[in-house]
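Trainee: I have a structure I would like to understand better, so I am pasting it below and will then ask my questions one at a time.
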Amino acid sequence: MEKFWADFIEKFKMAFVTGDRWKLYLQGMGTTLGLTVTALVIGVVLGVLVAVIRSAHDQQRPGRRSAALGIVNAICKLYTTVIRGTPMLVQLLIWGFVIFKTSRNRFLVGMLGLGINSGAYVAEIVRGGLMSVDPGQSEAGRSLGLGYVDTMRYIVIPQAFKNILPALGNEFIVLFKDTSLVSSIGAAEILYYAEAVGAKTYEYMFPYLGIAFMYLVFCILFTWLQGRLERRLRQSDRR
C-alpha cells in the first residue's frame, strides 16, 4: 500500500509539479477559452446571417419571390447540410492539412474551423427561435412603417433571443469541449500540452485526468452562469 501511494505521489508530481508543468495546463486552458469565445463569435455572426436569410426566404409572399434570395438561400442550406452532416474532426483536418496546409498559425486555422462549424448549428438554433415568435409581431412592425431589417432588429430578434438562450448556452459548452479536437492539427491548447507532458514522462493517466477535471469545472461554471442569466431574463419578463 505504501508503494502504491509513493508511486501515486511521484507520478502526480511528474505530471503537474516538476518543471512547473502546471503552468502549461493553465496556458493551454487560456488558449482553449480564447478559441471557444472567438469561434462562438464567428459562429453567432455567421449563424444569425444564415438564419435571417433563410427566414426572409421562407416568409416571401407567393408570386413575389426573389431569384437572388433563392440562390443565396440554397447556398445557406448547402452550408448547413454539409457542415452538420460531416464530423468536426474531419472538417478540421481539411482546414488544417488541405486548405491551409502552408499556414503556421494553427490557432487561427482552428478558430476558423470551429467557428464555421458552430455557425451551422447556431443558424438552426436562431432560425428556430425566429420561427417561435408570433408572426403578428412582424406584421405589427411593418404596419408601423419599419422595414424588414428594422423589424427583425428591434422586434423579432430580441424576443427570439430569450427563446434561444438555453440552446445557445449549450452550444457554447459543446464548443468549449470540442476545442480539444484542434490538437489534431497542431494547435497548442490544453490537450496538446497534456499529451506533451505524457510523452515527456511516459505517464498519460494524470495529465488526462487533470484536464478532464479542468473541463468539468469550467462546464459546471458555465452551466451555473447560464442558469443565472436565464433566471434574470425570466424576472425581467414578470416586471
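Bear in mind these aren't lab numbers, they're just calculated from the coordinates by the rules spelled out. Please read these numbers as outputs of a predicted model, since none were measured by experiment. Don't worry about glycine lacking a Cβ; one is built from the backbone with ideal geometry, like all the others, and counts go over all protein chains shown.
Trainee: Can you tell me which residues in the stretch 134-160 are surrounded by fewer than 18 Cβ atoms within 10 Å (Cβ to Cβ) and within 28 Å of residue 173 (Cβ to Cβ)?
Mentor: First, pick out the residues of the stretch 134-160 that are surrounded by fewer than 18 Cβ atoms within 10 Å (Cβ to Cβ): 134-137, 139-140, 142-150, 153-154, 158-159.
Scanning the stretch 134-160 gives 153, 158, 159.
Trainee: Being part of a helix (DSSP H, G or I), of a type outside the set (A, V, I, L, M, F, W, C) and closer than 30 Å to residue 156 by Cα is the filter here; which residues of the stretch 56-112 pass it?
Mentor: Selection gives 57, 58, 70, 73, 77, 79, 80, 81, 84, 85.
Trainee: Which members of the stretch 183-239 meet the condition of being hydrophobic (A, V, I, L, M, F, W, C) and not in a helix (DSSP H, G or I)?
Mentor: Within the stretch 183-239, the first condition is being hydrophobic (A, V, I, L, M, F, W, C), and the residues that meet it are 185, 187-188, 190-191, 194, 196-197, 199, 205-206, 209, 211-214, 216-222, 224-225, 229, 233.
Matches in the stretch 183-239: 187, 188.
Trainee: Looking at 29, 88 in this structure, which one is over 18 Å from residue 115 (Cβ atoms) and within 16 Å of the chain's Cα centre (by Cα)?
Mentor: Result of the check over 29, 88: 29.
Trainee: Please enumerate the residues belonging to the stretch 185-213 that are surrounded by fewer than 17 Cβ atoms within 10 Å (Cβ to Cβ) and under 19 Å from the mean Cα position of the chain (by Cα).
Mentor: 212
Trainee: Would the stretch 116-130 turn up any residue that is within 14 Å of residue 40 (Cα to Cα) and surrounded by fewer than 20 Cβ atoms within 10 Å (Cβ to Cβ)?
Mentor: yes
Trainee: On to the next question. Looking at 145, 136, which is the one that is free of Cβ contacts under 8 Å to residues at least 24 places away in the same chain and at positive phi?
Mentor: Values: 136 fails: at positive phi.
Exactly one of 145, 136 is free of Cβ contacts under 8 Å to residues at least 24 places away in the same chain and at positive phi, namely 145.
Trainee: Output the number of residues of the stretch 161-179 satisfying the condition of being of a type outside the set (A, V, I, L, M, F, W, C) and either part of a loop (DSSP other than H, G, I, E, B) or surrounded by 18 or more Cβ atoms within 10 Å (Cβ to Cβ) (or both).
Mentor: Of the residues in that region, 3 qualify.
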